[in-house]
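Reviewing the structure listed below.
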2 protein chains.
Amino acid sequence: MKSRYIAMVVGGSVAMSTGLAALASQVPALSQQDRTSIWKSAKELFRPLPKAAPNPANPANPAKIELGKALYFDTRLSKGNTVSCNSCHNIASYGVDNLPTSQGHKGAFGGRNSPTVMNAGLLEPQFWDGRAKDVEAQAQGPIMNPVEMGMPHKDLALARIGSIDEYRALFRQAFPKEANPLTYENIANAIGAFERTLITPSRFDAYLKGNVKALNDQEARGLRTFVSTGCVTCHSGATLGGNQFFKFGLVNGPYSKYTGKPNSDAGRYDLTKKEEDRDVFRTPTLRNVERTYPYFHDGSVTDLGDAIRIMAKTQLGKDLNGQDVADIRAFLSTLTGQIPKEALVLPVLPKSGKATPLPDNS
Amino acid sequence: MKSRYIAMVVGGSVAMSTGLAALASQVPALSQQDRTSIWKSAKELFRPLPKAAPNPANPANPAKIELGKALYFDTRLSKGNTVSCNSCHNIASYGVDNLPTSQGHKGAFGGRNSPTVMNAGLLEPQFWDGRAKDVEAQAQGPIMNPVEMGMPHKDLALARIGSIDEYRALFRQAFPKEANPLTYENIANAIGAFERTLITPSRFDAYLKGNVKALNDQEARGLRTFVSTGCVTCHSGATLGGNQFFKFGLVNGPYSKYTGKPNSDAGRYDLTKKEEDRDVFRTPTLRNVERTYPYFHDGSVTDLGDAIRIMAKTQLGKDLNGQDVADIRAFLSTLTGQIPKEALVLPVLPKSGKATPLPDNS
């Protein structure tokens with residue numbers, strides 16, 4: 001179900017693509033001065049990704065990261081043994097499932113698009129409505145959510161994990177100073193410690209660190225347009241967004257008029273019941289954005305070009321032309337980074353014990 | 001829902017475990033002569049796993065294996081983009097999902113337990129009823145099965161995969177001599193080529209190759225009991241089963257009397273409609289059996305000790321004592337092998353194209 005707006009912009013983009021080569025050639029190449037000036041501006045507005053995203057309240061150690069990774073891939077943290085963190089935040093596809101909303105316990109679909117876990121350790125707060133302060137607090141949510149992993153209570157999660165010998169040993173190693181390391185909070189702490197390793201440096205980081213040639217002319221133009229259009233207001237820093245709240249439909253709304261999907265979600269308003277929070281969401285990080293389709297809290301838009309146009313219209317009141325969209329898109333593709341090699345190595349999951357509660361699909 | 005038989009054997013096993021140490025000490029240690037004789041007998045009945053499971057009709061090359069692995073982990077081969085081969089045959093848990101039966105399209109559960117993909121390349125035929133001759137033929141089945149991946153027709157699978165640039169390039173590399181490499185059969189051929197790399201050598205292979213000390217006394221006794229009881233009749237060779245058909249309940253039946261789960265599955269009879277095929281199933285491989293619970297075609301039994309007792313009773317008419325079960329179980333644990341390191345490295349999945357058909361959860 002597409003709105004007239006989408007039909008128009010998509011129509012426009014099809015017309016564009018046939019004339020794109022011609023148009024691109026009409027855009028003059030960047031001068032050395034342009035390139036330097038764009039780079040200097042970028043250095044002010046963005047930062048390279050750090051190597052990791054440490055949390056002093058949850059200090060990492062190798063056993064904790066190993067434990068967290070195993071738990072991340074383990075469906076036994078769901079009531080029916082059918083859903084793991086990785087089901088919706090798939091490491092193989094940049095920490096998302098590329099679905100509008102995700103499938104959870106008993107095949108039900110959730111209400112919001114699964115945000116990427118890549119670089120999420122750098123973001124505060126978590127969730128589209130910001131209801132958790134960090135990845136450790138976030139990880140406690142889905143396990144007990146009835147339409148996600150569906151655990152009826154913490155005790156079942158603890159019984160599942162605590163009945164597995166290998167996990168008990170890993171908890172002792174991961175939390176060596178704790179008398180009773182096996183707690184629900186520590187399940188989430190271990191998962192958080194693993195997630196904090198998921199940093200994805202890209203060509204844009206090489207660029208910010210001084211390699212001005214890491215971006216080609218179109219990408220640099222896209223960066224300039226990204227900044228001059230005002231996208232950078234909400235998408236700056238190392239993660240290009242993810243730490244602030246804004247109304248979706250700030251200048252032109254309601255957003256559903258532009259996305260073409262009915263609005264059944266009032267964002268932070270549903271949490272705070274304050275009118276000023278209606279349709280307010282956390283801005284997403286744009287790191288790996290070309291891989292984390294479909295877009296927006298409801299996954300209503302699949303094409304990145306459409307998402308760029310809609311953002312410019314709803315948030316900034318601007319109608320971008322096809323060349324601008326193509327350039328911004330080219331810039332955003334430089335944010336696609338390397339998934340850490342260690343994270344791509346699957347854990348061999350420990351075997352259940354005699355006392356491990358069986359899958360429950362009720 | 002457990003039968004009286006299960007209640008009885010489980011009760012027996014609980015009683016056993018308290019006295020197990022005492023019992024074990026009553027079993028005399030094996031003499032050097034015993035050990036040599038068990039090893040010689042094993043050399044006659046079993047074979048070490050080969051390094052790979054090549055198929056001359058589907059010759060492997062690195063691009064084909066890489067393509068097959070990506071497809072294996074890609075949910076876009078399912079109608080709703082929610083199920084991949086790996087969902088039910090999880091590489092992280094020895095090629096199974098450890099569920100009685102598996103969840104597929106729209107959250108539906110299938111009728112039979114998902115057999116392990118580990119070492120499956122060595123098995124002919126495939127499926128519990130043997131309806132496909134090899135892994136290549138097998139891989140064509142679940143994609144189109146309404147309660148598995150749910151693709152309504154081959155064209156949708158081809159449109160999904162064929163609209164992804166990176167896949168098109170990989171198909172050309174994987175099938176260099178074919179003018180039109182992108183076919184439904186080649187999707188399955190690539191997946192099959194990857195699956196043929198999933199060979200899991202274990203301590204038992206070291207034993208068969210001459211290291212008699214690779215098995216301890218209890219494991220060697222278990223091996224002797226496994227052979228003398230008659231288990232070896234159906235579970236021999238390199239894979240310890242997986243290439244023959246037998247009636248489940250051969251000596252004592254119907255099998256549901258022993259497993260405690262009602263029989264709603266007549267095995268090969270449902271395929272052939274021949275009375276002699278009623279309750280006939282392909283024997284499973286016992287490689288990694290301690291990891292591939294729950295057991296039997298309906299996943300009705302979770303504990304390996306229970307499965308050993310039930311098999312001895314239904315197939316061989318024998319009542320094993322607790323020591324025999326413990327010994328056989330110890331032997332079977334030596335079949336838990338190494339998942340190949342390369343298989344544990346997740347592929348980074350290619351991004352969808354503009355023309356890629358969207359997830360369809362209808």
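The values are calculated or read from the model by the stated rules, or taken from the named source; none is laboratory data. These figures come from a predicted structure and were not determined experimentally. Methodologically, a virtual Cβ is constructed for each residue, glycine included, from the backbone with ideal geometry; neighbour enumeration extends over all protein chains shown. In case anyone asks, the SASA skips ligands and DNA or RNA and just uses the protein heavy atoms, side chains included. Shrake-Rupley method; radii C 1.70, N 1.55, O 1.52, S 1.80 Å.
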For A:Ala57 paired with B:Lys209, estimate the spin-label separation in nm (one decimal), with each label point 7 Å from Cα along the Cα-to-Cβ line.
5.1
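Given a 1.4 Å probe and no ligands, DNA or RNA in the count, how much accessible surface is buried by B and A, both sides, to the nearest 100 Å²? It would help to have the intermediate numbers written out before the result.
Working: alone 16610 and 16620 Å², together 30380 Å².
Using a 1.4 Å probe on protein heavy atoms, the buried area is about 2900 Å².
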With every protein chain left in place and a probe of 1.4 Å, what is the accessible surface of A:Ile199, to the nearest 10 Å²?
10
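Please give the average number of partner chain Cβ atoms lying within 10 Å of the Cβ of each residue in A:178-188, rounded to a whole number.
0
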Give me the distance in nm between label points sitting 7 Å out from Cα along the Cα-to-Cβ direction at A:Ser31 and B:Ala108, one decimal.
6.6
For segment A:102-225, what's the relative contact order in percent, using C-alpha pairs closer than 8 Å and at least 6 residues apart?
25
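How much of the calculated P(r) for chain B lies past 30 Å, in percent of all Cα pairs? Working shown, then result.
Numbers: 27004 of 65341 pairs.
For chain B, the share of Cα pairs beyond 30 Å comes to 41 percent.
How about segment A:158-241: which GluC sites (Glu not before Pro) there lie in a loop by DSSP and see at most 12 other Cβ atoms within 10 Å? It would help to have the intermediate numbers written out before the result.
Working: sites: A:Glu166, A:Glu178, A:Glu185, A:Glu195, A:Glu219; in loops: A:Glu178.
Hits after loop and neighbour filter: A:Glu178.
At R0 = 35 Å, how high is the FRET efficiency between B:Leu45 and B:Ala179 if r is their beta carbon distance? Nearest 0.05 is fine. Walk me through the intermediate numbers first.
Numbers: r = 48 Å, r/R0 = 1.36.
Taking R0 as 35 Å, the efficiency between B:Leu45 and B:Ala179 is 0.15.
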Quick one: helix A:32-45 against the long Cα principal axis of chain A, what's the angle to the nearest 10°, folded into 0 to 90?
40
Label geometry 7 Å along the beta-carbon vector: A:Pro62 inter-copy distances in nm
2.9
Which parts of segment B:105-141, residue by residue, lose 30 Å² or more of accessible area when the rest of the protein chains are there, as against the chain isolated (1.4 Å probe)?
B:Phe109
Nearest 10 degrees is fine. How inclined is helix B:4-26 to the longest principal axis of chain B, computing both from alpha carbons?
60
Can you list the copy-to-copy distances for A:Lys209, using a point 7 angstrom from Cα toward Cβ, in nanometres, shortest first?
4.2
Between segment A:296-362 and segment A:178-236, the Cα center-to-center distance that results, in Å:
13
Loop-located trypsin sites (Lys or Arg not before Pro) in segment B:154-203, at most 16 other Cβ atoms within 10 Å (DSSP)
B:Lys177
Using just the helices of the protein assembly as shown, give the 222 nm mean residue ellipticity in deg cm²/dmol: DSSP H runs with n ≥ 4 each add -39,500 (n - 2.57), and the total is spread over all residues, rounded to 500.
-11500 deg cm²/dmol
Report relative contact order for chain A in percent, whole number only (criteria: Cα-Cα under 8 Å, sequence separation at least 6).
26
Measuring from a point 7 Å out along Cα→Cβ, what nm distances, shortest first, does B:Leu158 have to its partners in the other copies?
5.6
Of every hundred units of 1.4 Å-probe accessible area on chain A, the number belonging to carbon and sulfur atoms, as a percent, is 55
In A, who owns the beta-carbon nearest the axis carrying A over to B, and how many Å from it?
A:Gly107, 1
In segment B:287-326, whose amide N lies under 18 Å from the spot 7 Å out along Cα-to-Cβ of B:Phe245? List them in ranges.
B:297-298
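Which whole number gives the average count of other chain Cβ atoms within 10 Å of the Cβ atoms across peptide B:345-355? Don't jump to the answer; show the numbers that get you there.
Details: counts 4, 11, 3, 8, 7, 2, 9, 6, 0, 8, 0.
Counting Cβ atoms of other protein chains within 10 Å of each residue's Cβ and averaging gives 5.
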Give me the 1.4 Å probe accessible area per residue for the protein assembly as shown, excluding ligands and nucleic acids, in Å².
42
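Using the Cα centre as the reference, give the magnitude of the dipole from point charges on the C-beta atoms of the protein assembly as shown (Lys, Arg: +1; Asp, Glu: -1; all else neutral), rounded to the nearest 20 debye. Can you show the working numbers first?
On the way: 86 positive and 68 negative charges, 95 e Å.
The dipole of the protein assembly as shown has a size of about 460 debye.
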How charged is the neighbourhood of A:Asn113? Take every other residue with its Cβ under 10 Å from the Cβ of A:Asn113, and add Lys/Arg as +1 and Asp/Glu as -1.
-1
Under 5 Å from the placed amide H of A:Ser300, counting only residues 5+ away or on other chains, we find A:Tyr295
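Counting Lys and Arg as +1 and Asp and Glu as -1, each charge on the Cβ, what is the dipole of chain B about the Cα centre in debye, to the nearest 20?
Working: 43 positive and 34 negative charges, 50 e Å.
In debye, rounded to 20, chain B gives about 240.
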Nearest 10 degrees, 0 to 90: what angle lies between the long axis of helix A:217-229 and the longest principal axis of chain A (Cα atoms)?
90
Starting from one equal scatterer on each C-alpha and no solvent at all, send me the Debye-based log10 I(q)/I(0) for segment B:62-199 at q = 0.09, 0.13, 0.17 Å⁻¹, two decimals.
-0.23, -0.50, -0.88
Would you mind getting me the FRET efficiency between A:Lys318 and B:Asp360? Use the beta-carbon distance for r and R0 = 30 Å, nearest 0.05.
0.30
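Rounded to the nearest 20 debye, what is the charge dipole size of segment B:62-199 about its Cα centre when +1 sits on each Lys and Arg Cβ and -1 on each Asp and Glu Cβ?
Details: 14 positive and 14 negative charges, 36 e Å.
That gives segment B:62-199 a dipole magnitude of about 180 debye.
With a cap of 12 neighbouring Cβ atoms within 10 Å, and only residues DSSP puts in a loop, list the trypsin sites (Lys or Arg not before Pro) found in segment A:246-329.
Working: sites: A:Lys247, A:Lys257, A:Arg268, A:Lys273, A:Lys274, A:Arg278, A:Arg282, A:Arg287, A:Arg291, A:Arg309, A:Lys313, A:Lys318, A:Arg329; in loops: A:Arg268, A:Lys273, A:Lys274, A:Arg278, A:Arg287, A:Lys318.
Those satisfying the criteria are A:Lys273, A:Lys274.
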Average beta-carbon neighbours from other chains, 10 Å sphere, peptide A:287-295
1
